Every structure is written in C-alpha cells, then in structure tokens.
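J.: Sharing a structure here in structure tokens format.
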Amino acid sequence: TTLFRSPTVVEENIPDLPINVLPLSQRPFITLSPDSTGRSLDISIAGAPSSGNMEYEMIYNASGKQEGALGSIFLGSEKQPIIKSILLGSKSGGGKITYHEGVTGGAITLTYDNNRLKESWNYLHFDPLDPTFSTTDGKLNVTLTKTSLKKDEVIISMKTFGYEKAGLPEGAKVVAGPYGYFPQTKIKGTAGVVLKLPAGEYTNPTIYEWNGSTWKKLATKLEKDAVSSTATANVFVVTAE
C-alpha cells in the first residue's frame, strides 16, 4: 500500500463546509484499521462516488502531543473498497521513517463532493487482564476473552462513516451505530458487545453484525436503554421498527 503523507497543504479552494450533515444512510462505508504492524492505519473506502478526490485530515494524540496526517485519495483510481495506508509517524526527504510513540487516538475529517464528514477513533492496546474497551463516545462496549489477541496488539474502535445496506430489512431505522472495532489480527473466539441506545421507546431493537458481505441478525437482549449480544464480526448497527 502507498504511504500518503503530503507536505503543507494550502487550503484556499476548500470551502468551509458543515460537518456530518449528509444523512447516515447516504454516507460511504469508511473504516480505519491497524495494519499488521500497528504503526499505520489502513483507511478503507466503499460506496463513495467513483470520481473526484477525497481529502483526509487526521489529527491524533501521541505522547501528549498533537500530530497530523493529510492526504488526498483519487476515488476513480481503483475498484472500491479502496484501501490506503496512513502512517502514524513522519517520513523524511531521505525516506527515513520515524514512528510516533504513545498514540492514543484522534479524529479524521474527510471532504469530497461538498460533503465533510468527521469521526473520532480510539487507539488501544489489548490487555488480557482487562479485555474490555469502548468507542470514544462510550456507546459501543466490547469484551473479548483474554486469549482473543496477543497482549499489546492494537485495536481501533470508532463510529464508522456510513454502512453497507445488504441484508438489512427494507426501511429499517438505524437507531445506534454504525460502530466497529478493528484489531491488528483477527480475534480468536467471540466478543460480547453492548450498544447504548438513545433513551426512549423502542420497538424490537435488533443488533446486526457486518460479516464482510451482508448484515447478520444477532440474538439481542434489551436492558435499560442498551442492547447486548455475542458477536463474531466487528461492525454493528442497531435497528428498530
């Protein structure tokens, strides 16, 4: 994968667009996941327009300092999903790479076709003694088993940008999500997931997990404005009637 790391970008032609105005159902399905080393994040883009550019700006915390990565992805360059690597570090003119240490998470803003979308992400290290973690807003909680991953393997948790539609009931109302967690290697076994719902009346809230090609309905338990289930996949939505 190509490392996108551009020098200072002069943002003269980018209008000041409002953020996250595009309805959830119309957003492309975009995720961030650690590469095999955990030192770069792979951005995966599906369901976006097949022409034009998508600009990204990533700001993240590393050892208490703010770092950033900027780049542009040509959406017509290849068949979607397009996967590009974003280095959590810097590259000198001579090609020497310096990785940023102590990364804890950040936010990424995407701009394309007069749309601007922004989501936050957590950068976590797996701890077998405490294998529970959440998204930055605390609305997805995941509990793995202590043998799910090796100690210190990287996990990204985030609200994903948009979602695929295959397998969801016609006219399904998404009331929570899409949320996902993306481990450095595939987990062993299953995960316990809890998703918080906006307070209120629910008719038949149901968790669906994305298996890579379609949404699969999970046996869902509702308790105090939260739904839980056992999952084998790692991206989720909750629908209600």
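The values are calculated or read from the model by the stated rules, or taken from the named source; none is laboratory data. Given the structure is predicted, the values throughout are model-derived calculations rather than measurements. Backbone-built Cβ (ideal geometry, glycine too); neighbour counts: all protein chains shown. Areas reflect the complete protein model, heavy atoms only, side chains present, ligands, DNA and RNA absent. Shrake-Rupley method; radii C 1.70, N 1.55, O 1.52, S 1.80 Å.
J.: Please state the relative contact order of segment 30-92 as a whole percent: Cα pairs under 8 Å, 6+ residues apart?
T.: 38 percent
J.: Taking the Cα-to-Cβ direction at LYS91 and at LYS79 and moving 7 Å from each Cα, how far apart do the two end points lie in nm?
T.: Those two pseudo-labels are separated by 2.6 nm.
J.: Beyond a 24 Å Cα-Cα separation, which of these cross-linked pairs lie in this structure: LYS84/LYS186; LYS84/LYS216; LYS139/LYS173; LYS159/LYS196; LYS118/LYS217?
T.: Beyond 24 Å between Cα atoms: LYS84/LYS216; LYS118/LYS217.
J.: Using heavy-atom solvent-accessible surface (probe 1.4 Å) with all chains present, what is the largest-first order of ILE19, ILE155?
T.: Highest to lowest solvent-accessible surface, that is ILE19, ILE155.
J.: At 7 Å along the Cα-to-beta-carbon direction for both ASN61 and GLN26, put a label point, then send me their distance in nm to one decimal.
T.: 3.4 nm
J.: A further question follows. I need to check one value: relative contact order of the chain, counting alpha carbon pairs closer than 8 Å and at least 6 residues apart, in percent.
T.: 18 percent
J.: Which number do you get for Rg(Cα) / (2.2 N^0.38 Å) in segment 103-241?
T.: Against the compact-globule rule of thumb, the ratio is 1.05.
J.: If Rh is defined by the Kirkwood formula over all Cα pairs and Rg also comes from Cα, what ratio Rg/Rh do you get for the chain?
T.: 0.96
J.: For the chain, set up a Gaussian network in which alpha carbons nearer than 10 Å are linked by springs, and say which option among THR37, THR185, THR143 fluctuates the most.
T.: THR37
J.: Now for a separate question. Considering only protein heavy atoms and a probe of 1.4 Å, how much of the accessible area of segment 127-232 is carbon and sulfur, as a whole percent?
T.: Heavy-atom surface of segment 127-232 belonging to carbon and sulfur, 1.4 Å probe: 52 percent.
J.: What is the percent carbon and sulfur in the accessible area of segment 25-73, measuring with a 1.4 Å probe over the protein chains and ignoring ligands?
T.: 41 percent
J.: Okay, next question. Multiplying the sequence separation of THR230 and ASP127 by 0.36 nm and subtracting their Cα-Cα distance, what value in nm do you get?
T.: Result for the pair: 35.1 nm of gain on full extension.
J.: So how much slack lies between GLU223 and LEU17, counting 0.36 nm per residue of separation and subtracting their Cα-Cα distance, in nm?
T.: 70.3 nm
J.: For segment 58-113, what's the relative contact order in percent, using C-alpha pairs closer than 8 Å and at least 6 residues apart?
T.: Computed over segment 58-113, the figure is 48 percent.
J.: Provide the per residue accessible area, probe 1.4 Å, for the chain, rounded to a whole number of square angstrom.
T.: With all protein chains present, the chain gives 50 Å² per residue.
J.: Of GLN66, GLN184, GLN80, which has the largest mean-square fluctuation in a 10 Å C-alpha GNM of the chain?
T.: For the chain, modelled as a Gaussian network with Cα springs under 10 Å, the answer is GLN66.
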